[in-house]
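So the structure is just underneath, and the comments pick up after that.
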């Protein structure tokens, strides 16, 4: 965080902010009048996320005595966490990572002439100043990253658009850093794209994103429908913007920024050469030779030639290559409209959302239905923090967090406490409401897959179902309806069986499970991933975590409500899944996690999956090696702490400077799932870092996307601490048989 304490940065009155929720949707509002404040009181949830006093969150009792047992720590923790549950039953929270997302929001509203509310503008400036590196004046991709040209340039431009004077101390230092790196000319591909749209970079310097690819037959290996879902969606919008060369009009601010961002005169820059020029500080994953060839003029001509030869198969109206781009752009925009309809205009992620807003404005104008619908859903991504306003990577993690929270609470036994019945009932009602009721309307046209009966990561309204999210939500529902005697069976047998049917069908031939869709692309396609920032995001892959989630969901289903004709199917799926997990184990005994940090996360999920088919420390060499790996990483204080850089392609576990609560909980859960025979490491690790309020201090990143995009998954400190403590309490503190836990149900 920045330390510009001597600089007077305006902030809003945080007591005026309110979080509104509706079927999982989360939107922040700033109340201008005293009457509004009187009619809409601030909740404990509002105050917590705004960083205000915790006194009202704990009903005036802000501190507990130090817990003497794990059960006491769970009780104190859930007493706090329960008050963060929203009125519709989910646990709200931020899902943030890249700082520059909020700058992209500023750019898209600037280009589309949308007015940013004054309170939002103040808090965006506050956030960017607070996240600036005070030593060099720069920004990285995220708050723990080194300063680079992408983050610094985009955030600098955003502050200028928001009205900050170029001689402001923050911008003076930031501009000097940009110039030190050679100016904005060497900004990475994503930055080149945004700057070109703002008329701060010539499109000649931007790597091609060809809309013509969408006219290829699907059987072509280069068809974009073979890409990973979120990347496919972004390619669609970016190919439209590139094909149209959408560019902001020149104005005094643009002219001034051209002099501020570059070390040479703007009109003297060799833009064609700039295309391959990327600042060394921004190259996280170097471009492969295959990408260089793909971006070459000769390859572009080859692609055009391919299109020409298959033109009669694509569209009988083609008489020549003349006009092919216009046909491609019409095709691309139509697909975008269909996709937006099926996602209720929320889009797949923040970057795609912002690009598509500009597309709708350019194509149809500010009064069009498409643009207005897109504009109305921007607020779903905006999140207020004690340090200002940011933009979440997705529109939240509501379904995922609630599903995990339910399992953690049932694991602890607190779901049986009458004081917590209402909380569990509300969670079930939310998960019932959140299950997808219909397949996408334009499923076939947009290469989507059936999703009826599944769950998404954030909300049902967003529409992009995920295998692991479905599995975790299904587990939560089965436990809520089958383990608790006070809940109603809101999700009937038919709906549950439809979920099971799809999960069984979605297993990949290698035994694993992917995230969103089946694998359509080829491994070699990752070589032409145009991003210097992210890796392994170009096509869909199978993942250990997703595989484990589905395995354990099927096992719980088999315990509660096994229909005869599923017996063989579930046994077959789980056997293949176990072989897949075996095959993915590394020589050191760990598994690479793709959605969390990193080897600790992957190993915990792998052990959980293997334990569901009866493997443990005593009877499985795979599990034994995994436990030995975890024990080898335990720190002197008893905890575990893994740095997000473990995921960045170095291929090895990197110790964080401190033990981390969430990493520790994952490691302990893994050891307990494995029935690790020595209790001392587990007892040493369980020592509570709980604060007197009952909460746990927010620590480093917990989640990861694309090996270089760590995410602040803000509820994990609560969820996994309660989960690990609950399992520990049942195993080591209870005089009775282990009777509450999720693990006991899976393996019993």
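A few comments on the model shown:
- Percent of Cα-Cα distances greater than 22 Å, calculated over the stretch 162-269: 43
- Dividing the mean sequence gap of close Cα pairs (under 8 Å, 6+ apart) by how many residues the stretch 96-391 holds gives a relative contact order of 25 percent.
- Whole-angstrom gap from the stretch 654-720 to the stretch 149-191, using each part's C-alpha centre: 36
- Put the Cα centre of the stretch 555-628 next to the Cα centre of the stretch 386-419 and the gap is 24 Å.
- What the Kirkwood sum gives for the chain is a hydrodynamic radius of 26.9 Å, with every pair of different alpha carbons counted.
- Entry note, the chain: relative contact order of 16 percent, from Cα contacts under 8 Å with a spacing of 6+ residues.
- Helix 467-483 and the longest principal axis of the C-alpha atoms of the chain enclose an angle of approximately 30°.
- Rounded to 10°, Cα long-axis angle of helix 544-561 versus longest principal axis of the chain: 40
- Against the main long axis of the alpha-carbon atoms of the chain, helix 169-180 sits at an angle near 70°.
- Measuring nothing but how far apart in sequence close Cα pairs (under 8 Å, 6+ apart) lie, relative to its length, the stretch 398-747 scores a relative contact order of 17 percent.
- The stretch 196-258-the stretch 430-495 distance, computed between alpha-carbon centres (Å): 34
Rule-based calculations on the coordinates, nothing more; no lab input. The structure displayed is predicted, hence computed values, not measured ones.
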